[in-house]
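The structure under discussion appears below in the form of structure tokens.
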Amino acid sequence: METYVPYTPTELPLEIPKLFSDNLIQPVIPFNNPQTVEGVALGRKLFFDPILSANGTQSCASCHSPENSFTDSDRFSEGIDGISGSRNSMPLFNLVWNYDEKFNWDGSAFSLENQAFEPVTNPIEMHNTWSSAVSSLQNHSEYPELFEQAFGTSTIDSVLVTKAIAQFERTLISGNSRFDKYLNGEISLTDSELSGFDIFMDETRGDCFHCHGNVNNPLWTDNVFHNNGLDATFTDLGLGQVTGDPADNGKFKSPSLRNLKFTAPYMHDGRFETLEEVINHYSEGLVNSPTIDPLMKAINDGGVQLTESDKSDLKAFLLSLSDDEFVNNPNFQAPN
């Protein structure tokens, strides 16, 4: 008589950086999708496998490359049919601390699992159907066994696919930049980097911290939606398209300032190719509109009017938030 062996995946605790623990920032992990060794391994394989696309040419990593901190160096990503989107791919890291569980530039996805559903069927992305994608996985030589190991069943469905991908994405944790090491007492920063941090925190100069946090918020974003003065009128309504509320028009999620060294171009539509352009926007390029965020206090002056020296120092600080180890972490690369 065959002995029944219960399904027992191996728990995989997240590797939490010291600064996150010190600031009592707790990760958000759904009770119905715990982190396991088997689930993360499966999610990693799926993330880099073009099998989910209709013609087998595009994976999640095609638009979210590890070397670019899991975004795309192109302004707009192309789907399998050569059609470009209208927004820059968001970088993927520290997603497990997104407390409002609203993902995408416009907050249209309400969990990591939910977010992973849409690209597979989007006609300008993978342009597949879930039934076709599942069929490809089910008929694959390896995937049924991998799903058995991760979820206790070899019968694959879209829910389990997105759960596995979300598990892998929650391991994408970045917390070892030069500035992190400085806060941990491991290194010193340059005078320019320290001056840039002072400018960042100064309400009369940079005034950046309201939307992007401070030393007590190692995420370097408030994960809130803002109209940051890019346009007087909107071709992309952002959050307003999701909520239907005109007061939300032109609002987009504040991205983290981590890993800016790797994530150009910048803004939801990738309009700025360089950090200098981003800094110039807030310095003298703000544009008024009915939904402009009150935090853009210098709107009547067109911006905070930084000196060239201030701009150089602010850039130096922003680059100190980049984590070279993250983009080179072998656990975040395509599996062999």
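Throughout, read-outs are computed from the coordinates displayed, never taken from laboratory work. Keep in mind that this is a model prediction, so the values were computed, not measured. Backbone-built Cβ (ideal geometry, glycine too); neighbour counts: all protein chains shown.
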Report summary line: The whole-number value in µm²/s of the Stokes-Einstein translational diffusion coefficient for region 178-320, with Rh from the Kirkwood sum over alpha carbon pairs at 10 °C and 1.306 mPa s, is 101
Query - Summed residue charge, Cβ within 13 Å of Asn32's Cβ, Lys/Arg positive, Asp/Glu negative - result: 0
Query raised in the report: Top mean-square fluctuation among Gln149, Gln26, Gln35, Gaussian network model of the chain, C-alpha springs under 10 Å?
Result: Gln26
Report summary line: In degrees, nearest 10, the alpha-carbon axis of helix 191-201 is tilted away from the dominant principal axis of the alpha carbons of the chain by 90
Query - Per-residue ³J(HN,Hα) for region 263-278, Karplus 6.51 cos²θ - 1.76 cosθ + 1.60, θ = phi - 60°, Hz, x for Gly and Pro - result: 10, 4, x, 10, 6, 4, 10, x, 6, 9, 7, 10, 5, 4, 5, 4
Requested in this report: Calculate the spin-label point distance for Ser132 paired with Asp157, positioning each point 7 Å from the Cα along the beta-carbon direction, and give it in nanometres.
Outcome: 2.2
Query raised in the report: For the chain, what is the Kirkwood hydrodynamic radius in Å, using each pair of distinct C-alpha atoms?
Result: 21.2
Report task. Report ³J(HN,Hα) in whole Hz for each residue of region 181-188, in order, from the Karplus equation J = 6.51 cos²θ - 1.76 cosθ + 1.60 where θ = phi - 60°; Gly and Pro get x. Result -> 5, 5, 5, 7, x, 8, 9, 9
Report summary line: In degrees, nearest 10, the alpha-carbon axis of helix 112-121 is tilted away from the dominant principal axis of the alpha carbons of the chain by 80
Report task. Give me Ser132, Ser174 ranked fewest to most by other Cβ atoms within 10 Å of their Cβ, as a rough exposure proxy. Result -> Ser132, Ser174
Query raised in the report: Just Asp191, Asp22, Asp72 to compare: in a GNM of the chain, with alpha carbon springs under 10 Å, which one fluctuates most?
Result: Asp22
Query raised in the report: For Glu11 and Glu284, what is the calculated FRET efficiency with R₀ set at 56 Å and r taken between the beta-carbons, to the nearest 0.05?
Result: 0.60
Requested in this report: Under 1.5 on a/c is rounded, so check that first for region 70-175, then, if it is not, pick prolate when a/b is larger than b/c and oblate when it is not; a ≥ b ≥ c are the square roots of the alpha carbon gyration tensor eigenvalues.
Outcome: oblate
Query raised in the report: Per-residue ellipticity at 222 nm for the chain, helices alone: DSSP H runs ≥ 4 residues times -39500 (n - 2.57), over residue total, nearest 500 deg cm²/dmol?
Result: -9000 deg cm²/dmol
Report task. Compute the separation of the alpha-carbon centres of region 135-153 and region 179-247 and state it in Å as a whole number. Result -> 42
Query raised in the report: Which FRET efficiency value, to the nearest 0.05, is calculated for Ser309 and Glu186 with the Förster distance at 25 angstrom and r the Cβ-Cβ distance?
Result: 0.35
Query - 12 Å beta-carbon shell around Asn331, net charge (K/R +1, D/E -1) - result: -1
Report summary line: Note: probe point = Cα of Thr121 + 7 Å toward Cβ; backbone nitrogen < 13 Å; residues of region 30-66 passing the test are none
